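What follows is a single structure, written as structure tokens, with notes after it.
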Amino acid sequence: MPSSRGEKRFAPTTRVLLSRRVTVAWSRRRVRLGVLAASALLLLLWWTWRHWTWWSAADVPLVPAPTRVPTYELATRRWATAARLLDDHQTILLTGVVDRNAPKLAPACELVLRWGSADARVPLAASDRGHRCAFLQESWEEDHHNHPDTTFAWFLRISPPLRPSWLRARHRPDLHLFIARAADSVPVMLPAPQRIRRALSACLPVLQNNARVERVVEWLQRLRQRHQLEAARMYLVPGYNRTLVQQVSAAVVSDPQLAGLTVRFQVVPPGLKLHYFGQYLAVYDCWVREATRSRWTAFIDLDEEFAMPLTRFLHRHQSLSRWLQTRQRHEPNVAGYTFGSWPYIKPGLHQEPRRQAPQPACYPPRSGWPKSFDTAAGIVTVTVEPPELCIGPPGRRKHVLRPDRMRQIQIHNAHAREPYRVVHLNTTEAFLVHYRGYVAG
């Protein structure tokens with residue numbers, strides 16, 4: 001039998017070994033916990049940096065005071081309203097208003113870069129750097145009307161292209177476009193950095209004075225909550241309802257359902273004789289201002305909203321923003337989608353609309369309509385004098401577009417620049433819910 005002395009020596013040795021094992025195991029555990037904590041901290045820091053614009057927008061909703069769409073005189077009865085440099089750093093998209101009877105103009109122009117200059121009327125000889133630009137093409141609104149003024153868009157090519165390093169610099173230059181014999185120079189907006197671009201915005205042309213505040217707010221809530229809308233740009237008539245704008249602005253700031261939503265109001269310039277309160281001017285101006293600022297922009301009215309397909313597993317309606325991201329991964333060359341509309345009835349505030357009987361909606365005749373219509377697209381004619389236009393399902397179409405890739409935008413159609421294309425969706429996949437007259441009812 002072992003002596004008591006040997007037993008006394010054996011017991012401390014066992015305890016020491018066990019203590020060492022525990023110490024080593026605990027040390028390894030602490031190392032693993034430290035690695036996990038450091039990884040979690042790095043992930044949190046990356047996520048905060050990646051989404052810092054969302055935090056700032058959610059904390060301080062941006063609703064600036066209404067501003068008038070500026071006009072820069074280019075020639076007799078021709079004004080520019082906005083200009084944007086696109087992502088290729090050599091194409092400028094410019095829009096404005098012109099007399100519909102004026103000839104098409106291919107102007108000579110120069111792009112001037114200035115660092116720290118606040119005066120936009122400095123002569124060309126005093127510019128820091130000059131880049132010649134050439135006229136590429138011009139597109140016009142294609143609605144049939146007899147108003148003297150119409151909206152146009154120019155595409156201009158800069159030579160040589162701008163250096164991307166100038167636009168990525170901390171102090172970026174101011175760009176001014178000088179058109180030959182023009183009275184004013186046109187400031188050119190720079191492309192927005194990729195990290196601050198919005199996923200989805202909406203353009204509303206035009207907010208009528210008879211719209212009810214609570215229904216405008218409800219429209220914003222549904223787009224924000226259901227489709228992750230990040231910004232809305234609303235255009236107002238020159239004599240706009242100030243009370244309406246103030247109440248909508250106050251609701252955007254105070255409503256938690258609209259947290260993070262940016263709303264901007266812009267006023268159509270007075271004195272222009274445009275079709276339907278300047279609807280096309282609003283569309284074209286928003287087209288230029290949202291190009292490179294938003295990845296996708298929806299051009300819809302207050303009595304319209306999107307009905308998206310159901311998800312495969314949860315059987316819930318997808319958001320428009322998520323649906324666009326998924327489609328873009330599979331269709332990278334698609335620059336827009338047009339949605340057909342179905343007539344719906346909206347019973348009241350915060351109530352879901354219900355579909356009307358599938359019958360065509362007829363509208364009174366208007367000068368310039370063609371004599372026959374494409375029945376395959378759901379458009380038919382009624383044999384009455386004067387003829388009416390009856391639009392059956394899929395009804396009038398509206399669209400969601402990538403504005404920096406468009407060649408022409410109409411109210412109910414759009415055309416993309418090469419090599420991109422616009423897809424016309426079938427109403428069985430996704431469509432617009434159209435409850436006509438509800439917003440002002």
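Values in this text are rule-based calculations from the coordinates and carry no lab data. Since we're looking at a predicted model, the values are computed, not measured. All Cβ positions, glycine included, derive from the backbone under ideal geometry; neighbour counts span all protein chains shown.
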*Provide the FRET efficiency to the nearest 0.05 for the Arg355-Arg195 pair, computing r from the beta carbons and using R0 = 30 Å.*
0.15
_For a protection proxy built on the mean count of beta-carbon atoms within 10 angstrom, sort 33-40, 418-425 highest first, please._
418-425, 33-40
*Could you pull out every residue, at least 5 positions away or on a different chain, whose amide H is within less than 5 Å of the one on Tyr344? Hs are placed 1.01 Å off N in the peptide plane, and Pro or chain starts have none.*
Gln356, His434, Tyr435, Arg436
*So if we plug the beta-carbon distance of Thr243 and Thr23 into 1/(1 + (r/R0)^6) with R0 = 56 Å, what FRET efficiency do we get, rounded to 0.05?*
0.15
_Skipping prolines and chain starts, which residues have an amide H placed within reach, meaning under 5 Å, of the one on His399, given they are 5 or more residues away or on another chain?_
Phe299, Phe339
*Please give the peptides 405-415, 289-299, 319-329 ranked by average Cβ packing (other Cβ atoms within 10 Å per residue), highest first, as a rough proxy for protection.*
289-299, 405-415, 319-329
_Cα-projected label distance for Ser254 with Thr428, points at 7 Å along beta-carbon direction, nm_ = 4.8
*May I ask you to compute the full-extension gain from Ala75 to Glu214, defined as 0.36 nm times their residue separation minus their alpha-carbon distance, rounded to one decimal in nm?*
45.7 nm
*asked:* Viscosity 0.692 mPa s, temperature 37 °C: what is the translational diffusion coefficient of segment 237-346 from Stokes-Einstein with a Kirkwood Rh over Cα pairs, rounded to a whole number of µm²/s?
replied: 189
_Please compute the Kirkwood hydrodynamic radius over segment 198-242, one decimal place, Å, based on all pairs of different Cα atoms._
11.4
*Show the residues, 5+ positions off or on another chain, whose built amide H is closer than 5 Å to the amide H of His424.*
Thr338
*Per residue, the convex hull volume that the Cα atoms of segment 179-256 enclose (Å³)*: 148
*asked:* Once you place label points 7 Å from the Cα toward the Cβ at Val35 and Arg327, how far apart are they in nm?
replied: 4.5
*asked:* Taking 0.36 nm per residue of sequence separation and subtracting the Cα-Cα distance, how much length would be gained by fully extending the chain between Asn146 and Ala102, in nm to one decimal?
replied: 14.4 nm
*Counting Lys and Arg as +1 and Asp and Glu as -1, each charge on the Cβ, what is the dipole of segment 219-316 about the Cα centre in debye, to the nearest 20?*
240
